[in-house]
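Below is one structure, written out as structure tokens, with a few remarks after it.
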Amino acid sequence: MKAILYEAFSQPPKLVSLSDPAPKPHGVVIRVMATGVCRSDWHGWVGHDADIVLPHVPGHELAGIVEAVGNEVTRWKPGDRVTVPFVGGCGSCPECHAGHQQVCDNQFQPGFTHWGSFAEYVSIERADLNLVALPESLDFATAASLGCRFVTSFRAVVDQGKVSAGQWVAVHGCGGVGLSAIMIAVAAGANVVAVDISEPALALARKLGAVATVNARDVDDVPAAVLEISGGGVHVSLDALGAIGTCVNSIHSLRKRGKHIQVGLMLGNDSMPPVPMGRVISHELEILGSHGMQAHRYGAMFEMIAAGRLKPAELVGRKITLAQSIDALMGMDRFEGVGVTVVTEF
Ligand SMILES: [Zn+2]
Ligand SMILES: [Zn+2]
């Protein structure tokens, strides 16, 4: 199969030919029809992820068609249209038993703990637990764009933030994660304030229903601007970028008893933000994380998509070839373009 492989961190990946994977007894091999290019892939390529063993094939936001199934698999057959959450569960640890596969003790993450989907085929473990059937109406590129950023935002807004109609929500960072969060919070009935440094990103945020935007380049004090707009602070604020500045701004954007949800990964120089714990106590703030979403929660999201309340297709930006994914991956820290870049030609 054709695949993108890197043999050293921060060195240009190559388009190579590898032998096709075979399914594990409890797993499947999926023919990849679309795979998103995500900042997490860039973090992995730079060397920020201790799970990655070299040489490595990146890619974790995938959708495709089941090609081969292991002999223990009961729920899937060749030809099924599927996607997977970027964190797969083991099915036997306490977190999996509690239904929280997104924080499984023995996680399967394509593109991190195992070879990923920047390839014609990808092997997925424990398929009966981790695969999600795609509705016929959902195309592969849109489905791939859900796998990490959209589902993480869905869990952040709906399950962790429990955002309800009339609440104020701030979203710091309007890349793939942030724009997804805006769409989902608007669908939940919230008044959304979008923060970014890119005017095109803020314009898309407004198009998705944000009632106000703050260009962080134009104001000295982002939290003060959010407090002004929301009449004293937001109920829920997300750092959708993953940086010290946006994390701390997000916490300072909250009203009393508000919830900060960390969605963007905090890695490298951003791994230890100075969280104002005094304010967390005096304002009774909640600090939460969101780490993907369990396969069993996809149904609720698919129903909102089918009802037209969520339109993830609007977040798909550029469609590129597998060969072009090399430049897209290496350039992921430059935040070029708007929306989610998806590989659709292999
Ligand atoms: Zn588990
Ligand atoms: Zn991702």
Note on the range 236-245: residues under 20 Å from ILE184 (Cα atoms) and either open to solvent by less than 50 Å² (accessible area, probe 1.4 Å) or over 23 Å from the mean Cα position of the chain (by Cα) (or both) are VAL236, SER237, LEU238, ASP239, ALA240, GLY242
Pairs, first within 16 Å of ILE320 (Cβ to Cβ) in the range 36-54, second charged (D, E, K, R) and open to solvent by 40 Å² or more (accessible area, probe 1.4 Å), C-beta under 7 Å, six or more apart: TRP42/ASP333
Any residue in the range 144-172 that is part of a helix (DSSP H, G or I) sitting within a Cβ distance under 6 Å of a residue that is open to solvent by 10 Å² or more (accessible area, probe 1.4 Å) and more than 16 Å from ligand 2 (Cβ to nearest atom)? List the pairs, counting only those 6 or more apart or interchain. VAL157/VAL163; GLN160/LEU288
Check off (1) open to solvent by less than 30 Å² (accessible area, probe 1.4 Å); (2) modelled with pLDDT under 95; (3) away from ligand 2 (no atom under 15 Å from the Cβ) for VAL66 and give me the number that stays unchecked. (2)
Qualifying positions in the range 290-334 - over 27 Å from GLN160 (Cα atoms), touching a Ser or Thr at 6+ places or on another chain (Cβ under 8 Å) and either among the charged types (D, E, K, R) or open to solvent by 50 Å² or more (accessible area, probe 1.4 Å) (or both): ARG318, LYS319
Filter the range 16-35 for residues that are within 22 Å of LEU129 (Cβ to Cβ) and within 16 Å of ligand 2 (Cβ to nearest atom); which is surrounded by the most Cβ atoms within 10 Å (Cβ to Cβ)? THR35
Checking the structure you have, find out if any residue of the range 116-138 is within 20 Å of LEU5 (Cβ to Cβ), crowded, with 22+ Cβ neighbours inside 10 Å and in contact with a Ser or Thr (Cβ under 7 Å, 6 or more places away or on another chain). yes
Kindly indicate whether any position in the range 88-111 is open to solvent by 20 Å² or more (accessible area, probe 1.4 Å) and touching a strand residue (DSSP E or B) at 6+ places or on another chain (Cβ under 6 Å). no
Any hit, the range 90-101, residues being of a type in the set (S, T, N, Q), away from ligand 1 (no atom under 16 Å from the Cβ) and at pLDDT 95 or above: no
In the range 139-164, how many residues are away from ligand 2 (no atom under 13 Å from the Cβ) and open to solvent by less than 10 Å² (accessible area, probe 1.4 Å)? 7
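The values are calculated or read from the model by the stated rules, or taken from the named source; none is laboratory data. Note that the coordinates shown come from a computational prediction; the quantities given were computed from them, not determined experimentally. We place every Cβ from the backbone using ideal geometry, glycine too, and count neighbours over all the protein chains shown. Protein only, heavy atoms only, side chains kept; ligands, DNA and RNA dropped before computing areas. Shrake-Rupley method; radii C 1.70, N 1.55, O 1.52, S 1.80 Å.
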